[in-house]
Amino acid sequence: MAALPWIAALLAGTLFGLGLSVAQMIDPAKVINFLDLFGTWDPSLALVMFGGLVVNAIMTPLILKRKRPILAEHFRLPTKIEIDARLIIGGIIFGIGWGLAGYCPGPIITSISFINMDILTVLLAFIVGTAATRWVLSKVS
Amino acid sequence: MEIINFTPISSLIGGGLIGLAAAFLLVAKGRIAGISGIAGGIIYPENKGDMAWRIAFVAGLILGGLIYQWSNIGVGVEHIQAMASTPTLIVAGLLVGIGTQIGTGCTSGHGICGLARRSPRSLVATLSFMGSALVTVFIVRHLVGG
């Protein structure tokens, strides 16, 4: 069944997008109020992360006891362990962008489901930033 | 500090769904549900043979949003508005794209999947983007915006 892996990916993506929507992470006002610790603080997104983390922290070790995934040859986990400047600089740059508009990558994509000019603007800028950075990184490494 | 609009139940349910989605992708495909990495592999592919599942996952992210709207659960999307001007949205989108590719991950890959695997790299990345996002909102709302 060649179609099974991508049907599984579609299902996983759908659950993820539904989760982002139910959690209202697709509402930048809610995200920015979460980040506004010293103003009008909305703690909700801490519980989104907590919920996702608990479910994942329980299930991931159980899943990794398997020799291989159900629909692929092997698990593809990040192998790098060293903490370098690149990791921190990238995180800081991403955080500035996230704080400026309240959009991280998941909500940018799920928001295509009710696209308007503002969402299209963020989406295109995200695509350009991603493509340009991957191009540069592929040249230097 | 003033606490507003706290929605603990829908946040926990939404977070739980995200966790389930990530666990399902791992057990089925052996992959980490990091959105910036999955999308990056479509936007600027390194391996063309690795595209189908990525496109299916991204299509699912949009489908999940549509199902939310069709099913009338939750508060809907009609009230949602961008919180920034067009130039700021452009800068923000660029920085999110650049930063997640340099730092190899975002809120999902580092923040949820990485922390669940107790990855020290993901902890450092999460503290970096959380910290800079908090500082950015503080500057924009309380120093510049006043």
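For the range B:26-55, a residue qualifies if it is in contact with a Phe, Trp or Tyr (Cβ under 7 Å, 6 or more places away or on another chain) and buried (at least 24 other Cβ atoms within 10 Å of the Cβ), and the qualifying residues are B:Lys29, B:Ala33, B:Ile38, B:Trp53. Take the conditions (1) of a type in the set (Gly, Ala, Ser); (2) over 15 Å from the mean Cα position of the chain (by Cα); (3) at pLDDT 95 or above; A:Gly106 misses just one of them, which is (2). Counting the residues of the range A:36-52 that are surrounded by fewer than 20 Cβ atoms within 10 Å (Cβ to Cβ) and either more than 7 Å from every other protein chain (Cβ to nearest Cβ) or closer than 22 Å to B:Leu26 by Cα (or both) gives 2. Only one entry in A:Leu18, A:Leu87 is touching a Gly at 6+ places or on another chain (Cβ under 7 Å), over 24 Å from B:Gly103 (Cα atoms) and at the interface with chain B (Cβ under 7 Å from one of its Cβ atoms), namely A:Leu18.
Within the range A:116-141, being over 18 Å from A:Val31 (Cβ atoms) and in a loop (DSSP other than H, G, I, E, B) holds for one residue alone: A:Ser141. Going by the conditions given, is A:Gly91 touching a residue at least 60 places away in the same chain (Cβ under 8 Å) and surrounded by 14 or more Cβ atoms within 10 Å (Cβ to Cβ)? Spelling it out, it is not the case that A:Gly91 is touching a residue at least 60 places away in the same chain (Cβ under 8 Å) and surrounded by 14 or more Cβ atoms within 10 Å (Cβ to Cβ).
The rows are residues; the columns are (1) at the interface with chain A (Cβ under 7 Å from one of its Cβ atoms); (2) modelled with pLDDT of 95 or more; (3) under 12 Å from the mean Cα position of the chain (by Cα).
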site: B:Gly93; (1), (2), (3): yes, yes, no
site: B:Val96; (1), (2), (3): yes, yes, yes
site: B:Gly99; (1), (2), (3): yes, yes, no
site: B:Gly103; (1), (2), (3): yes, yes, no
site: B:Ile112; (1), (2), (3): yes, no, yes
site: B:Ala116; (1), (2), (3): yes, no, no
site: B:Ala125; (1), (2), (3): yes, yes, no
site: B:Met130; (1), (2), (3): yes, yes, no
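The residue list B:Gln81, B:Gln69 contains one member that is out of contact with any Asp or Glu (no Cβ under 7 Å at 6 or more places or on another chain), open to solvent by 20 Å² or more (accessible area, probe 1.4 Å) and part of a loop (DSSP other than H, G, I, E, B), which is B:Gln81.
The values are calculated or read from the model by the stated rules, or taken from the named source; none is laboratory data. For clarity, every value in this text was computed on a predicted model and none was experimentally measured. With ideal geometry, Cβ positions are generated from the backbone for all residues, glycine too; neighbour counts draw on all protein chains shown. These area figures cover heavy atoms from the full protein model, side chains too; ligands, DNA and RNA do not enter into them. Shrake-Rupley method; radii C 1.70, N 1.55, O 1.52, S 1.80 Å.
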